[in-house]
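Below is one structure; the comments refer to it alone.
The values are calculated or read from the model by the stated rules, or taken from the named source; none is laboratory data. Just so it is clear, the structure is predicted and the values come from calculations on it, not from any experiment. Cβ: placed from backbone, ideal geometry, glycine included. Neighbour counts: every protein chain shown. The area values use the complete protein model at the heavy-atom level, side chains included, leaving out ligands, DNA and RNA. Shrake-Rupley method; radii C 1.70, N 1.55, O 1.52, S 1.80 Å.
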Amino acid sequence: MARFHEYQVVGRKLASEQDPTPKLYRMRIFAPNDVVAKSRFWYFLAKLRKVKKTAGEIVSVNEIFEKRPEQIKNFGIWLRYDSRSGTHNMYKEYRGMSRVEAVTTCYQDMAARHRARFGSVQIIRVAEVAVADVRRQYIKQLLTPKLAFPLPHRLQRVAKKHRALFQAKRPSTFY
């Protein structure tokens, strides 16, 4: 089970006499639960538009599930993060079964490589990348056809009736 879920949060400014039908704003947000998703929605909306939580309302919160969770895909993630020295934009690529898995890996990668916590990383866009459009070498090396990971130095399993508790020589692990 992934640590994050993908939510679609739709919200708007409260209706008033000047604006009886305010504009709806929809965001796809990755968060551990719907409470954090709503909180991140208001955080981003306050940055993008002049709408605060006190003067707005959430219309709907839906969890988005992967269409093909059994198929491996390449994902490109555009993000912005705050480091100790400033704010940086970044593009990273990951392989995973779902968008949520790729974003979870991205958050772990950002914490490991850049010491960026969940609150300081803003996911701007997540898109599935075609094989021809992959940019990063660490993903390209996994796209070769008939990729194999050989298992050298394996121990031969002996039938139980031929096994001995102690052997006079070390096992041969080469084939």
Rounded to the nearest 10 degrees, the helix 99-114 long axis (Cα) sits at an angle to the longest Cα principal axis of the chain of 80 degrees
Longest principal axis of the chain (C-alpha) makes with the long axis of helix 34-48 (C-alpha) an angle, in degrees to the nearest 10, of 60 degrees
For 157-167, 125-135, ranked highest to lowest by mean beta-carbon neighbours within 10 Å, the order is 125-135, 157-167
Low-density loop chymotrypsin sites (Phe, Trp or Tyr not before Pro), the stretch 1-69, at most 14 other Cβ within 10 Å, DSSP non-H/G/I/E/B, are Phe65
Any GluC sites (Glu not before Pro) in the stretch 27-120 that lie in a DSSP loop and have at most 10 other Cβ atoms within 10 Å would be Glu70
What the Cα atoms of the stretch 30-111 span along the principal axes, largest first and in whole Å, is 42, 36, 18
Rounded to one decimal in nm, the spacing of the 7 Å Cα→Cβ label points at Ser16 and Arg113 is 4.5 nm
Here D for the chain, in µm²/s, from Stokes-Einstein with a Kirkwood Rh over Cα pairs at 37 °C and 0.692 mPa s, works out to 164 µm²/s
To the nearest Å², the heavy-atom accessible area per residue of the stretch 33-138 with 1.4 Å probe amounts to 62 Å²
Rounded to a whole %, the carbon-and-sulfur portion of the accessible area of the chain at a 1.4 Å probe is 54 percent
Dividing the helical contributions, -39500 (n - 2.57) per DSSP H run of n ≥ 4, by the residues of the chain yields a 222 nm value, nearest 500 deg cm²/dmol, of -6000 deg cm²/dmol
Among trypsin sites (Lys or Arg not before Pro) in the stretch 4-104, those in a DSSP loop whose Cβ has at most 13 other Cβ atoms within 10 Å are Lys23, Arg49, Lys50, Lys52, Lys67, Arg84
